Structures are given as structure tokens and as C-alpha cells.
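Note sheet for the following structure.
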């Protein structure tokens, strides 16, 4: 059942948060808090919202069209590495909402859409101070959800950074936190460290909607069969059940459809990030059924004729990558320099790029993530709340006197943790 016109009109009136109304006063795009997307998936049961990383405008358009076709609530996001101050994409934290809103109005999109600032990375105290200035600008630009990612830091500093930055995130906004850098089979997250982070936040009246884990997967192109560790994910989610928090699954590209279906059915995951796969699909590269990009015997990506970008354009992209020494997942760094070139292609070429993304996303929404027909559920949540502010899922359980900065540092010192190898694991 699609969203009824009357329900959509009422949801537009009451469901769009103040920053969105101010930014897009005349819009008919149902841009909402990430909380509504999470609740819709939870209420549906065993459903996961796709969080599509809009590395280029074609991905944004294709993902929104697919969500409308599937009648599914969706999240469009960009990470700090992709779209922050040092971005490798033309789509960024400050123009993503504008692009999404324009597409919603152009295509007549009626499904609820959240705009998520993913992986807002914090690696030191300097980043914390900068974030106090920058985070408010993201919401001024139309963001409705954010992931504070201080997972690069030791556990005590991760928690303390989350506490210090929380006043700069609107209470109504979707909130994600992270424990354990996403780095594959090394440095896996544990129950103890996940509890440490969530309990410490709870003691201070902070109730994240999602927690992201290092549960065995990687960003970019998945080169091994390791993938998502479902048993570990289930174990951590169950340990956190008292705190009513959902899971956010990062590094989805390269994990088999069967594994993702199992994540949906066995864990409390309600958000799955898809980035690299959508980029490669839009360019016209050959991918398997779950988005891992295929390569020939020489390790080169396989470009499908008459799919995605023109053959001439792909030749220029490969030449540029070779000149810059880019291989594999580092092809992502072509986004910034080629966005305007791709927009300058003939309309039929741009349409086939969009359509290819739409087909891929639709299949994932319907046949893998079980998100079909979740849009009316999200709209019903808006109407039941009578507000753009859904409020938290969690309730305060922990004693704040036991989670002072000194006690946080002391608690963390007693925890043993394998952080895995050092390196740059940003997406």
C-alpha cells in the first residue's frame, strides 16, 4: 500500500523538522529525522533501510527513484571523507540535502527520506573543537541525522568525545555512534566496549538510534570471504537490548545477499550503508549480485558496453586513475574531478546511469533488505507522534555519578581490547 495522499500532505505539514522547513519552505519533499526511518524498520520487523552514499548526483537520483518504486523509507548519506572539508566527492555535507530535496520535488517522491552525515570522524581533540563549529552548519544545510564516529580513539576518549559533542546535535535528529573502526577481521568490536559506550551515553541522557560495529567487514571493495560476522553482531545487539538501540551495518558492498538477509533476520540492524557498489554501478562497471566489482585477469575493472558512462569517458577516467596511481577502491577519488564531466554527458547517457542505480537499489530494498512498503509505516509514525520530533527510544538507566570523566577513564583502563592494525580506514 502506497502512502495515501492525505497522509502524505499531513506528514509534510508536521513531519519535516525546523531546519528543513527553514531551508526548503516551499518543498513537497518529505525529509524527516533519521529516527522515523529506524522506527519504521523496527516496527516492520527484520527490515533494514538502505543508507545510500550519494557520491554522485546519479546515485542520489537512482536511489530515490528506487525507494519510490519500492514504497520504502530510505536514507541518503555522505561521509566526512567523501563530502567533508577534505572531500573526494563533489556531493558534500552542505549540498546533499539541497540535491535530495530538488530530486524529491522533480520526481514527485512521496516516501520519507532522511539526510545523514555519516562517519563524522573525530581523531583528536582538535577535531572535537572544530566539530563544535562545523556540526551546526550541517544541520543548517538540511541534515536530519548524524553519525559521531570517534571510534579511532581509545574507548574513554571515544565516549568523552561523544559526550562533548552531543549538545551540538539537535535532540530530534537521528543519532549514530560507533565502536571499533571498520577494518575487516582485525580489531573486532566486543560486548564490553559496546556496553561501555552505550552505558556511558545513557548515564548522561543520550540515547543513540544506532550503533555501528567493526563486525568483520570493510569499506570499499571486499577482497576476502570474511565479511560480516553475524554471530558477533547478534551477541552485541542482544547485550545492548536493554538500551533499545538498533544496529548500523557499514561496509555492505561485497557481502553476499544471503549474508545481508541473515543480518536482517537475526540481528537488530535497521540501517545498512551502501557506497562503493552504487558508485561502480552508476559508472557501468560489472558487479556481482551483491555489488562487488568484478575484475579481469589483469586486475582491471570490467566496463560493460553501453552501460553507465560512455566508453570514451571511461577511458578518460582510467587514464586519470593510472596517472594518479589509483587502484581498486581508490577509484572513489575520481568522483570529485569527474562529477562535472559526467554531468556534461548526453541526457540519454545520464539517464542510463540513473536507471542502473535504480534497478540495483530496488532489488536490494525488495529482495535483500526487506524494506518494501516501509514508507507508510514511517508516515504513520509521523502522524501518531503529531510532530517532527519522535523522541528517544531509550530511557535513562545508568547512574551519572558512576560515569564522571575520571571514572570513565578508570573504567576504560581496566578493559582489554585488540584494536587491530594501524592505518587509514576511512571510507
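Counting just the residues of segment 193-216 that are more than 15 Å from the chain's Cα centre (by Cα) and at pLDDT below 95, which one comes out farthest from residue 244 (Cα to Cα)?
216
Could you say which residue among 359, 381 is modelled with pLDDT of 95 or more, farther than 20 Å from residue 206 by Cβ and crowded, with 22+ Cβ neighbours inside 10 Å?
Of 359, 381, the one residue that is modelled with pLDDT of 95 or more, farther than 20 Å from residue 206 by Cβ and crowded, with 22+ Cβ neighbours inside 10 Å is 381.
Among the numbered criteria (1) assigned to a helix (DSSP H, G or I); (2) under 28 Å from residue 268 (Cβ atoms); (3) out of contact with any helix residue (DSSP H, G or I) (no Cβ under 7 Å at 6 or more places or on another chain), which one does residue 77 miss?
(1)
Working carefully through the options 20, 113, find the one that is in contact (Cβ under 8 Å) with a residue 12 or more places away in the chain, touching a strand residue (DSSP E or B) at 6+ places or on another chain (Cβ under 7 Å) and more than 22 Å from residue 177 (Cα to Cα).
After applying the criteria, what remains is 20.
If the requirement is being over 30 Å from residue 191 (Cβ atoms), at pLDDT 95 or above and in contact with a strand residue (DSSP E or B) (Cβ under 9 Å, 6 or more places away or on another chain), which of these qualifies: 287, 309?
Numbers: 287 fails: at pLDDT 95 or above.
After ruling out the rest, the residue left standing is 309.
Would you pick out the residues in segment 133-154 that are more than 17 Å from residue 177 (Cβ to Cβ) and without any contact (Cβ under 8 Å) to a residue 40 or more places away in the chain?
133, 136
Quick check: anything in segment 322-329 in contact with a helix residue (DSSP H, G or I) (Cβ under 9 Å, 6 or more places away or on another chain), surrounded by fewer than 22 Cβ atoms within 10 Å (Cβ to Cβ) and modelled with pLDDT of 95 or more?
For segment 322-329, residues in contact with a helix residue (DSSP H, G or I) (Cβ under 9 Å, 6 or more places away or on another chain), surrounded by fewer than 22 Cβ atoms within 10 Å (Cβ to Cβ) and modelled with pLDDT of 95 or more: present.
Going by the structure shown, is residue 348 without any contact (Cβ under 8 Å) to a residue 60 or more places away in the chain, under 30 Å from residue 200 (Cβ atoms) and either assigned to a helix (DSSP H, G or I) or more than 27 Å from the chain's Cα centre (by Cα) (or both)?
no
With the requirement that a residue be over 14 Å from the mean Cα position of the chain (by Cα) and either closer than 21 Å to residue 210 by Cβ or assigned to a strand (DSSP E or B) (or both), what does segment 80-93 give you? Steps first, please.
Going through segment 80-93, the residues over 14 Å from the mean Cα position of the chain (by Cα) turn out to be 84-91.
Matches in segment 80-93: 84 only.
State all residues of segment 127-151 that are out of contact with any helix residue (DSSP H, G or I) (no Cβ under 6 Å at 6 or more places or on another chain), closer than 21 Å to residue 412 by Cβ and surrounded by fewer than 20 Cβ atoms within 10 Å (Cβ to Cβ); if no residue qualifies, say none.
If the condition is that a residue be out of contact with any helix residue (DSSP H, G or I) (no Cβ under 6 Å at 6 or more places or on another chain), closer than 21 Å to residue 412 by Cβ and surrounded by fewer than 20 Cβ atoms within 10 Å (Cβ to Cβ), then 127 is the only one that fits.
The values are calculated or read from the model by the stated rules, or taken from the named source; none is laboratory data. Owing to the predicted nature of the structure, the values given are computational and were not obtained by experimental measurement. Cβ atoms come from the backbone with ideal geometry, glycine included; neighbour counts cover every protein chain shown.
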